[in-house]
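Undergrad: Encoded as structure tokens, here's the structure I'll be asking about.
The values are calculated or read from the model by the stated rules, or taken from the named source; none is laboratory data. Given the structure is predicted, the values throughout are model-derived calculations rather than measurements. Here the Cβ positions follow ideal geometry from the backbone for every residue, glycine too, while neighbour counts run over all protein chains shown. Protein only, heavy atoms only, side chains kept; ligands, DNA and RNA dropped before computing areas. Shrake-Rupley method; radii C 1.70, N 1.55, O 1.52, S 1.80 Å.
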Amino acid sequence: KKELTLFFASPIGYLFLLVFLAVTLFVFFWVEAFFARNVADVRPMFEWMPVLLIFLSAALTMRMWSEERRTGTLEFVVTLPASGWEFVVGKFLACWLLLGLALLLTLPLPISVSLIADLDWGPVIAGYVAAMLLGGAYLAIGLCVSARTDSQIVSLIIASAACGAFFMIGSPVLTDLVGGQWADLMRAMGSGARFDAITRGVLDFRDLYFYVSLLVLFLALNVHALEVQRWAADGSSQHHRKWLLATALLVVNLLLANVWLAGFSKLRIDMTEGQIYTVSDATRSQLAQLDEPLQIRGFFSAKTHPLLAPLAPQMRDLLQEFAVAGGDNVRVEVIDPVVNPELEDEINTKYGIRPVPFQVADRYQSSLVNSYFDVLITYGDQYEVLGFRDLIEVKMADESNLDVQLRNPEFDVTRAIKKVLQGFQEGGDLFASLNAPVQ
């Protein structure tokens, strides 16, 4: 209660909330060009949320403990007949409530979108739940840093750097440098990489626990730092060792639980309307037959026909679900061939994938755009190409209105996987199609 009162007693508190809201609106409408996307969702806001929360959380926590140390009231706090957990959790809950208020101020965005279009509220709810947990993890990091310094500016800088490190470690900027299992490990440790599935409406218990484990871990380190202030120089060394051992065991168990949960890929909830990212049992049975790595590559151009633009994110998200369901045997890449001339030449000559010309017009000009909307599935020496004519269906409401939708993308991709799987098995083993032993 004291921390909340102090926060709103100063205009700086209101300034933090207004700046966060202004930056969020700027990113949503200007950077991500909401109206030009032609997609009725608030996904761009949640895609930027792991970055925006870094600075908001550091700003909310920078004075929590550093001000106590600077004014000398920390010595008074640690001598009170109350546990360190009570102080730490009290300050954390105050910051968490302020974070929830900041997120609440962004709620008019999805409400406005729902008034002008048919908005799927499942991904929105999933995004807010994950944002609260991710923000809580950032706040715990900020409080732990603030407890180590008496300067608010130093606390702000170090907390931002620490939270930014958790975000950057799983970003493509670093994972593309290593690839393979190291890249998977870095994505598992990155706070932003784990947020990607949530932005499309899939709540994974492993991702939520990762944020909770970070939250509890740094709160425990904060309590330990506060408890050290209570100890006398000639105090009981055995008591000190017990505290250190208990904190270390808690930290190790929180981290190891993430490793143990990594194998549970079914702890996922599809929050989307119609559960469009729930892979069927038939698809899983096909993926279970893979003995070699299967590669799925989606080629989608950034500049394409306005009616195709909303479908590319849906295909990209669905292909990622194939990667989750297939585990290590399925690799998914989503590429824009236009920005990679060498790759474009390869898929043109080797796989016969060609761009389709579309007439595109806006209020300023009319032009002809060569666009890709294809999926390539390779398994061994077998491959199958799905073009945009295989993936979409067009319904004509009248002479001027066309309804362009994905036909049945999971069925089409699974059918292609089955085709390359059978082709590879029959080509490599003459008796692969026989169920009984061959004599």
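Undergrad: What number of residues within segment 292-324 are modelled with pLDDT under 85, small (G, A, S) and more than 19 Å from E393 (Cβ to Cβ)?
TA: Result for segment 292-324: 1.
Undergrad: Spot the failing condition for A183; the list is (1) assigned to a helix (DSSP H, G or I); (2) in contact (Cβ under 8 Å) with a residue 24 or more places away in the chain, and only one is missed.
TA: Going through (1) assigned to a helix (DSSP H, G or I); (2) in contact (Cβ under 8 Å) with a residue 24 or more places away in the chain one by one, A183 breaks only (2).
Undergrad: Something else: Assuming T378 fulfils every condition listed in (1) modelled with pLDDT under 85; (2) assigned to a strand (DSSP E or B) apart from one, which condition is it?
TA: So the condition that T378 fails would be (1).
Undergrad: Within segment 285-312, count every residue that is open to solvent by less than 30 Å² (accessible area, probe 1.4 Å), touching a Gly at 6+ places or on another chain (Cβ under 8 Å) and assigned to a loop (DSSP other than H, G, I, E, B).
TA: Going through segment 285-312 one residue at a time, the tally reaches 1.
Undergrad: Q314 passes all but one of (1) touching a Pro at 6+ places or on another chain (Cβ under 8 Å); (2) within 15 Å of Y372 (Cβ to Cβ); which number fails?
TA: It fails just one condition, (2).
Quick grid of which residues meet (1) surrounded by 20 or more Cβ atoms within 10 Å (Cβ to Cβ); (2) part of a helix (DSSP H, G or I); (3) modelled with pLDDT of 90 or more:
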| position | (1), (2), (3) |
| --- | --- |
| G13 | no, yes, no |
| L18 | no, yes, yes |
| T24 | yes, yes, yes |
| F29 | no, yes, no |
| A40 | no, no, no |
| M49 | yes, yes, yes |
| I54 | yes, yes, yes |
| S57 | yes, yes, yes |
| M64 | yes, no, no |
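Undergrad: Okay, moving on. State whether the residues of segment 73-87 include one that is on the phi > 0 side of the Ramachandran plot and either free of Cβ contacts under 8 Å to residues at least 24 places away in the same chain or not small (G, A, S) (or both).
TA: Of the residues in segment 73-87, the ones on the phi > 0 side of the Ramachandran plot are none.
No, segment 73-87 has no match at all.
Undergrad: Looking at this structure, is D403 at pLDDT below 90, in a helix (DSSP H, G or I), open to solvent by 40 Å² or more (accessible area, probe 1.4 Å) and out of contact with any Leu (no Cβ under 8 Å at 6 or more places or on another chain)?
TA: Answer is no for this residue.
Undergrad: Another question, then. Which of the residues spanning segment 143-170 are small (G, A, S), within 21 Å of the chain's Cα centre (by Cα) and surrounded by 17 or more Cβ atoms within 10 Å (Cβ to Cβ)?
TA: Answer for segment 143-170, where residues must be small (G, A, S), within 21 Å of the chain's Cα centre (by Cα) and surrounded by 17 or more Cβ atoms within 10 Å (Cβ to Cβ): A159, S160, A162, G164, G170.
Undergrad: Another question, then. Would you mention how many residues in segment 233-268 are among the small types (G, A, S), in a helix (DSSP H, G or I) and at pLDDT below 85? Write out each step before concluding.
TA: Step one: filter segment 233-268 for residues among the small types (G, A, S), giving 233, 235-237, 246, 248, 257, 262-263, 265.
Pick out the ones that are also in a helix (DSSP H, G or I) and you get 237, 246, 248, 257.
Filter again for at pLDDT below 85, leaving 237.
Residues meeting the conditions: 1.
Undergrad: In this structure, does L109 turn out to be in a helix (DSSP H, G or I), under 13 Å from L17 (Cβ atoms) and at pLDDT 80 or above?
TA: Considered against the rule, which asks whether it is in a helix (DSSP H, G or I), under 13 Å from L17 (Cβ atoms) and at pLDDT 80 or above, L109 comes out as no.
Undergrad: A further question follows. What number of residues within segment 272-284 are farther than 18 Å from L311 by Cα, part of a loop (DSSP other than H, G, I, E, B) and open to solvent by 60 Å² or more (accessible area, probe 1.4 Å)?
TA: Here the count works out to 0.
Undergrad: Within segment 313-335, which residues are open to solvent by less than 20 Å² (accessible area, probe 1.4 Å) and within 13 Å of R200 (Cβ to Cβ)? Can you show your working first?
TA: If we filter segment 313-335 for residues that are open to solvent by less than 20 Å² (accessible area, probe 1.4 Å), which is where we start, we get 315, 317-319, 321-322, 326, 330.
Once the filter is applied, which keeps residues that are open to solvent by less than 20 Å² (accessible area, probe 1.4 Å) and within 13 Å of R200 (Cβ to Cβ), segment 313-335 yields M315, D317, L318, L319, E321.
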